[in-house]
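The structure under discussion is supplied below as structure tokens; questions concerning it will follow.
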Amino acid sequence: MAPGRERSGPPERRSLAPRSATITVMIRAAFAAAKSLKRDFGEVEQLQVSEKGPGDFVSHADIKAERTVRAELARTRPEYGFLGEEGGETKGDGRNRWIVDPLDGTTNFLHGVPHFAISIGLEREGEIIAGIIYQPVSDELFWAEKGNGAFIDTPHARSRRLRVSGRKDPARALVGTGIPHIGKGDQAAYHAKLAAVSERTAGVRRWGAGSLDLAFVAAGRYDAFFEFGLQPWDVAAGILLVREAGGVVSDIAGKPYELGGPSLLASNFGLRDSMVEILSNA
């Protein structure tokens, strides 16, 4: 995308994959919020911030982005419920609920690190059926609908179907993770598991945005990802992307993952058992 240009809606390039009206609504909401995020990111040193806890900050940009997403979604789906990181939950029709992280990677954002995203998932009767993750800086849009596959749109290409990697040998696997913040979680237990994964794999990466970590698994950039203490808004869109790209999402013991569960493991099927063994025995 040329410097100074901002999208005001879904990309003009025609997608090879048909999008539903719901996905279009979600994309429009993300692009609307991204406008102000990109402007604020350019002036990151002047942002006013308040601490929510050690290593966990909230910015005016974060709150403003959630308000924008909420307003855009409500314009076309006013009856839907809404769960957001900053604004809490609004009960809706009891059947449909948006689950939104308006700025995943807030600490990156506030430190001028260009790795953050807007994540929007749609839950229907307890099941995630649609999700998008948009990275404003790279202008990459990841999206998926249940039963229809997962896709990525980039500034230079039409929609491309996402597939998880085919690597089965942990020694060749690149693994993403999220390190618990100070005062959150058992640091010693986590670092024992991190050490075990580091010893058995080709490498471990910690980028600080769980939604993008899951999108990277779906895209085959990471072979696996694990983290503890993730909230529903961190993962709602991402877990659908992984599943629709042919991957599997569970807890670190290999049991079914539930939103808000204490641990999450996402990978291709070929690596899942090895990752469960490594993490469970550490």
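Read-outs throughout are calculated quantities, based only on the coordinates presented, and are distinct from any laboratory measurement. Keep in mind that this is a model prediction, so the values were computed, not measured. Cβ sites come from the backbone with ideal geometry, for glycine too, and all protein chains shown count toward neighbours.
Roughly what % of Cα-Cα distances in the range 150-215 sit above 13 Å, to the whole percent? Write down the numbers at each step before the final one.
Numbers: 1553 of 2145 pairs.
When all Cα pairs of the range 150-215 are counted, 72 percent exceed 13 Å.
Relative to the longest principal axis of the chain, what angle (0 to 90°, nearest 10) does the C-alpha long axis of helix 21-42 take?
So the inclination is approximately 90 degrees.
Then there's this: Across bins of 5 angstrom width beginning at 0, how are the C-alpha pair distances of the range 170-281 distributed, in whole percent?
2, 13, 27, 28, 21, 7, 1, 0
Moving on to the next point. How high is the FRET efficiency from residue 157 to residue 75, r the C-beta distance, R0 35 Å, rounded to 0.05?
Details: r = 30 Å, r/R0 = 0.85.
Result of the calculation: an efficiency of 0.75.
Taking only DSSP H segments of four or more residues, each worth -39500 (n - 2.57), what value at 222 nm results for the chain once the sum is divided by all its residues, to the nearest 500 deg cm²/dmol?
Working: 7 runs with 93 residues, N = 282.
That calculation yields -10500 deg cm²/dmol at 222 nm.
Give me the angle, in degrees from 0 to 90, between the Cα long axis of helix 269-281 and the longest principal axis of the Cα atoms of the chain, rounded to the nearest 10.
60
Then there's this: Place a point 7 Å from Cα of residue 168 in the direction of its Cβ. Which residues in the range 240-282 have their backbone N less than 18 Å from it?
Those under the cut-off are 246-248, 267-278.
Right, here's the next one. If you take Cα extents along the principal axes in Å from the coordinates, which of [x] 77, 70, 30; [y] 62, 47, 39; [z] 49, 42, 42 do you get?
Among [x] 77, 70, 30; [y] 62, 47, 39; [z] 49, 42, 42, the one calculated here is [z].
Sticking with this structure for a sec: Which FRET efficiency value, to the nearest 0.05, do you get for residue 146 and residue 113 by plugging their Cβ-Cβ distance into 1/(1 + (r/R0)^6) with R0 = 25 Å? Walk me through the numbers on the way to the answer.
On the way: r = 32 Å, r/R0 = 1.29.
My answer for the efficiency is 0.20.
Which residue fluctuates most in the GNM of the chain (Cα springs below 10 Å): 223, 234, 186?
The residue with the greatest mean-square fluctuation here is 186.
Sticking with this structure for a sec: Within 13 Å, Cβ to Cβ, of residue 68, how many net charges do the neighbouring residues add up to if Lys/Arg are +1 and Asp/Glu are -1? Provide the component values of the computation, followed by the final result.
On the way: positive: 28, 35, 38, 39, 64, 67, 70, 75; negative: 40, 62, 66, 72, 86.
Summing Lys/Arg as +1 and Asp/Glu as -1 gives +3.
Could you give the angle, 0 to 90 degrees to the nearest 10, between helix 187-200's Cα long axis and the longest principal axis of the Cα atoms of the chain?
70
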